[in-house]
Every structure is written in C-alpha cells, then in structure tokens.
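Since every read-out is calculated from the coordinates, none of them should be taken as a lab result. All values reported here derive from a predicted model rather than from experimental measurement. Glycine gets a Cβ as well: all are built from the backbone with ideal geometry, and neighbour counts include every protein chain shown.
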Amino acid sequence: MGCLGALLFLLGGLGALARICEITEVDSTLVERLGQHLLPWMDRLSPEQLNPSIYVGLRLSSLQAGAKEAHYLHSLKLSYQQSLLSNDNSDSEAKPSMGQLALYLLALRANCEFVGGRKGDRLVSQLKRFLEDEKGAIGHNHQGHPHTSYYQYSLGILALCVHQKRVHDSVVGKLLYAVEHEQHLQQGHFPVDTLAMAGLAFSCLKLSNLNPNQRNRITVALGRVQEKILKAQTPEGHFGNVYSTPLALQLLMASLRPTVELGTACLKAKAALLASLQHKAFQNPLMISQLLPILNQKSYVDLISPDCEAPRVLLEPATETPSQTQVPGFIHVTLKVSSISPSYRHSVSVPVSSSLEDVLKKAQEHSRFRYGTQASLSGPYLTSVMGKKAGEREFWQLLRAPDTPLLQGIADYRPRDGEAIELRLVGW
Ligand code: B12
C-alpha cells in the first residue's frame, strides 16, 4: 500500500472516506473571477436568455450576487410559470424544454424551496409526463431512443428526486438498462457528461431511497458509472474532456465507493482543472455554472438538503475591464462543408481573435456560404448550413481538421491563423 493508500485507509477509519474526491484550496481570486463572469448574464432576463443552471451554480458555490440573485430567481419563476402553465400554444417555440424545466426545479431547490401548490403540482406532472413519453420512445425492448437524450432524462429524474417526488420504477429502469448496456450511452457524443448526469440521478435516488425495489440495481449501476468515468480519464487528467470534468467530479465527489484509484484520479483531475482555469478555458456561463459547485465541494446531489444559510462571499463586478486593445492584423481561416454537393471550401480573412461565428458571418457576406443558428441556453447553436437543416437526431458538427471535434461552440471558439474548420452533418 503506497502513501495515498495508507492515507485512505486512515481516513476510512475516521469515517471520512466519502470526501476523498474534494477539490479544496483553490485560489479564491480564481473562483471569484469565474463568478464575475456570471454577473453580466444575470442582467439578461429575456425568456430566451434566462438560464436556471446559472442560478443553481451560484447557489452551490461559495459566492453570492446579492439582490441580483434574488431578482434572477424571481424572473425565472415568472417566465417558467407563465410559459409552461399557459394554455396558449401559439408561442410554443418560446416554451422551455423539459430539460430546462428540470433545471428550473433544481433552481427552486437551490433556494431551499420545495415545488408545491397547484402551479407547482402541474409543473411536476408535466415533467413526469415527459419522462413517461421518453420511456415510451425508448420502448419495451429498449430498441428506441429518447426524443431528447439520456442526459435530459437523467436531469428530469434528478430534479424530481431532489423534490422528493417519486417516479415509477419502470422510468428509473430505462436509465438503469442504458447504463447496464453501455452501448446506449457510450455511443453518444458526450458519454462522460451523460454518465455523470445519470450517476447524479442514481446517487439522489439511493440517498433518498425513493425506489427501494431498485436499490441493488442502482448501487451496481453507480459503481459502473464511476468505473466508466475513471476509465475515460485522459493522460492530462480530464474525465472525457475539459468541459465534462466538472460534472464528472460532481458525481465522483458524491461517491459512496471511495477507492485508492478514485483518490489518485481526483488529484490528477484537480491538477488538470486548475491548469485549465489558469489558461482561462472557462468563459462560457453554462460551463462555469457546472464548475462552481465542485470548487465549493458541492454537487447537484446536495440539493436534497441544501444549506441556504452557508456564508457566501458577495461578488463585486470586475474592476479591471478586459483589455479591449485589439491585436492588429488578420488571420486566414478555411471553411469546409463536405455534407453538401457540390462541396464547399473557402478561405476567409478576419481580424485576429475573431470567433468562429465571426468567420461564418464573414463567409456569408462574401461567398455562397449560408448558415442559420438557434439561441440556446449555452449560446448560439448552428442549425443549418447551405440551406440544409439538421434533422431529427442529426447535428452540424464542428471539426478542426483533420478529424478533431471542437470543444466549444461557434461563439466561443477562436480559430488560429491558417486553421481549417469543417462543418459536417452527422447523426447522434
Ligand atoms: C446532448 C448534448 C449535445 C447534443 C444536443 C442535441 C440534443 N437533442 O440533446 C448534440 C450531440 C447535438 C450536441 C452538439 C454539440 N455540442 Co453538446 N452537449 C450536450 C450535453 C451532453 C447535454 C446538453 C443538454 O441537454 N443540457 C440540458 C438542457 C436542458 O439544457 P439546454 O441548454 O437547453 O441544452 C441544449 C443546448 O445545450 C444545445 N447544445 C448542446 N450542445 C451544445 C453546444 C453548444 C456550444 C451550444 C451553443 C449548444 C449546445 O442542445 C441541448 C439540447 O437541446 C452537454 C453536456 C454538458 N455538460 O452540459 C454537451 C455540451 C454542451 N456540448 C458541447 C459541444 C462542444 C458541442 C458541439 C459544439 C460539438 C461539436 N464539435 O460539434 C456541438 C454543437 C455544434 C453546433 N451545431 O452548434 C460542450 C460545450 C463546451 C463549451 N465550451 O461550451 C458540452 C459541455 C460537452 C462537452 N463536455 O464538451 N451536444
């Protein structure tokens, strides 16, 4: 037994083993800087821009935004209740998805509220109905797929669980089956994020004992999720990729099966994550909202009984304005679209540090290139290229030549000079 093994053994004796995966002692100025990134987003209160994940992330962090935070929750309540409870289907496009409703329920819990009353009960029924529909889409013999994803399916179960709302064993059973027969989750594009969210849902069910008949299966599935996530650790230390690491750590932190292997993997992940923070890899508010809880040793599972009295540091808006000094000059980026005929390849010139979205805009001005986007909670999402819309279970994938998918969306990714970006229509 090495040094770490001995330490784990000792901690085990003290009954503290469950805390083996905590990310402690992170420089508080680094954490505050992350929180400050969220502040401008908390002023965006239109229904398309409201994002319950931001509220959840902040409440589970060591930071608070004072009155802004309370106002944000108030706006979430107005918007979600109005759009989800109105019978008017005319603006159905603006209705939040069921995954977003699940995030909203997590936000209520983050404020120590239980969903209740007639309105609350209707929201719970909607989410339960959604899970039943998804269960139907997966089918009796598990040959089908959920209309959304196992990620949203897990989010739905988790949200109901933290509100102590029981879902039928057969609903949980579909997620258990998907984890037990890994091809269902492994073949997806982001298996670690999805496994982590499934694991968080299972952890909640296990701790709350809401589905006692499934207890053993849940325990085994949790072990399997943990094992898969540990196996997905990259040589640098990330679980999956840098952006799936926060959710993976949320799951591992809530682990009731601490092992030497887990302890070592978490130390390595912490080092990789801190290096990514130093390199400012976390700019997107959604990603920051998934990261902040783990920097405060919290996970979504803590929403079972959140501590709303815990002292949190008040965030002040950033004093130093990010340097606006534009590096002079231009870069050349090649855009390739191979999923259309005839295929498209064109080089555009954009100012240094432009985003991929700027590149797409520029290409649209000067060539036959055309694209369309949709606002999503994580930023603009590319939906069509050259008039070809992504169909059901399809998406326009962004790749860095030769064959490496980008880790960021069009608004956040900044191509380098001479880089070739490919847009490819793929199934998921
Ligand atoms: C499921 C999923 C997908 C599905 C979405 C389809 C579906 N029906 O579910 C598919 C496979 C299509 C997908 C695509 C992409 N995704 Co994705 N996706 C996820 C995942 C696992 C869950 C999202 C979700 O359901 N959230 C819950 C719902 C309630 O919230 P929501 O905001 O309404 O979710 C919608 C949007 O997030 C949107 N979406 C999904 N991915 C992305 C990525 C970006 C950049 C944007 C703007 C929107 C978006 O689809 C969701 C469902 O409608 C997250 C994981 C995570 N940790 O968050 C990654 C994640 C958000 N995706 C990511 C990435 C990088 C992409 C791609 C850019 C990959 C690529 N190289 O092409 C593309 C988007 C390309 C484009 N056309 O613009 C990253 C974003 C990292 C970052 N820095 O912002 C994440 C965090 C995964 C990761 N660990 O790397 N994704």
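Springs between alpha-carbon atoms under 10 Å, Gaussian network over the chain: tell me which of P96, P293, P351 tops the mean-square fluctuations.
Maximum among the listed residues: P351.
If you keep only loop residues by DSSP, which chymotrypsin sites (Phe, Trp or Tyr not before Pro) in region 215-314 have at most 10 other Cβ atoms within 10 Å of their Cβ? Walk me through the intermediate numbers first.
Working: sites: F239, Y243, F282, Y300; in loops: Y243, F282.
When the chymotrypsin sites (Phe, Trp or Tyr not before Pro) of region 215-314 are filtered for loop state and at most 10 Cβ neighbours within 10 Å, nothing remains.
How far is helix 260-278 tilted off the main Cα axis of the chain, in degrees rounded to 10, range 0 to 90?
It works out to around 40 degrees.
Determine ³J(HN,Hα), in whole Hz, for all residues of region 153-170 in sequence, where each value follows from phi through the Karplus function 6.51 cos²θ - 1.76 cosθ + 1.60 and θ = phi - 60°; x replaces Gly and Pro.
For region 153-170, the Karplus-derived couplings read 4, 5, 4, x, 5, 4, 4, 5, 5, 5, 8, 6, 9, 6, 10, 4, 3, 5 Hz, x marking Gly and Pro.
Looking at the chain, identify the longest residue range that excludes and avoids all trypsin sites (Lys or Arg not before Pro) in DSSP loops having at most 11 other Cβ atoms within 10 Å. Please list the in-between numbers first.
Working: sites that count: K280, R368, R393, R416.
Within the chain, the longest run free of exposed trypsin sites (Lys or Arg not before Pro) spans 1-279.
Can you give me the Cα centroid spacing of region 352-380 and region 40-95 in angstrom?
If we compute the Cα centre of each part, the gap is 27 Å.
As a test of the definition: which semi-axes, in Å, follow for region 279-380 when you take the square root of five times each eigenvalue of its alpha carbon gyration tensor? Largest first, please. Intermediate results must be reported in sequence, preceding the final value.
Numbers: eigenvalues 317, 85, 22 Å².
Taking √(5λ) for each Cα gyration eigenvalue gives 40, 21, 11 Å.
Between N141 and H189, what length in nm is gained on full extension when 0.36 nm per residue of separation is reduced by their alpha carbon distance?
Details: separation 48, 0.36 × 48 = 17.28 nm, distance 2.29 nm.
Stretched out fully, the N141 to H189 stretch lengthens by 15.0 nm.
Quick check: residue separation of R166 and E261 times 0.36 nm, minus the Cα distance between them. What number comes out in nm? Before the final figure, lay out the partial values.
Details: separation 95, 0.36 × 95 = 34.20 nm, distance 3.37 nm.
Stretched out fully, the R166 to E261 stretch lengthens by 30.8 nm.
So which GluC sites (Glu not before Pro) in region 251-349 are both in a DSSP loop and have at most 10 other Cβ atoms within 10 Å of their Cβ? It would help to have the intermediate numbers written out before the result.
Numbers: sites: E261, E309, E320; in loops: E309, E320.
Hits after loop and neighbour filter: E309, E320.
Label Q126 and L85 with points 7 Å out from Cα along Cα→Cβ: what is the distance between them in nm?
Once both label points are built, they end up 1.0 nm from each other.
Are there GluC sites (Glu not before Pro) in region 357-395 that DSSP marks as loop and that have at most 14 other Cβ atoms within 10 Å, and which are they? Intermediate values should be presented prior to the final figure.
Numbers: sites: E357, E365, E392, E394; in loops: E392.
In loop regions of region 357-395 (DSSP not H, G, I, E or B), the sparsely surrounded GluC sites (Glu not before Pro) are E392.
Using a Gaussian network model of the chain with C-alpha springs under 10 Å, which one of Q143, Q214, Q233 is most mobile by mean-square fluctuation?
Maximum fluctuation in the GNM of the chain, among the listed residues, is at Q143.
Which three numbers, in whole Å and largest first, are the semi-axes of the equivalent ellipsoid of region 361-428 derived from its Cα gyration tensor as √(5λ)? Spell out each step's value before the answer.
Numbers: eigenvalues 62, 48, 35 Å².
In descending order the semi-axes read 18, 15, 13 Å.
Name the most mobile residue of L406, L38, L377, meaning the one with the largest mean-square fluctuation, in a Gaussian network model of the chain with Cα contacts below 10 Å.
The residue that fluctuates most here is L406.
Extent of region 21-314 along each principal axis, from alpha carbon coordinates, in Å, largest to smallest?
49, 47, 31
Quickly work out the F395-to-L30 label distance, labels modelled 7 Å from Cα along the C-beta direction, and quote it in nm with one decimal.
Here the modelled spin labels are 2.8 nm apart.
Residue by residue through region 355-363, what is 3J(HN,Hα) from phi via Karplus (6.51 cos²θ - 1.76 cosθ + 1.60, θ = phi - 60°)? Round to whole Hz and write x for glycine and proline.
8, 4, 4, 4, 5, 4, 4, 5, 4
Along its principal axes, what span do the Cα atoms of region 31-157 show, with the longest given first and each in whole Å?
48, 33, 26
Output the antiparallel fraction of DSSP beta bridges having both residues in the chain, as a percent to the nearest 5. Show your work: numbers first, answer last.
Working: 26 of 32 bridges.
Roughly 80 percent of the beta bridges in the chain run antiparallel, per DSSP.
Calculate how steeply helix 66-85 sits against the longest principal axis of the alpha-carbon atoms of the chain, using the helix alpha-carbon long axis, and give the answer as 0 to 90 degrees to the nearest 10.
Compared with the principal axis, the helix lies near 90 degrees.
Between E236 and R370, how many nm apart are label points set 7 Å from Cα along the C-beta direction?
The answer from the label model is 3.8 nm.
Quick one: helix 285-295 against the long Cα principal axis of the chain, what's the angle to the nearest 10°, folded into 0 to 90?
With rounding to tens, the tilt is 30 degrees.
Starting from the exponent 0.38 and prefactor 2.2 Å, build the expected Rg for region 104-162 from its residue count and divide its actual Cα Rg by it.
Working: Rg = 12.8 Å, N = 59, 2.2 N^0.38 = 10.4 Å.
Here the answer is 1.24, to two decimals.
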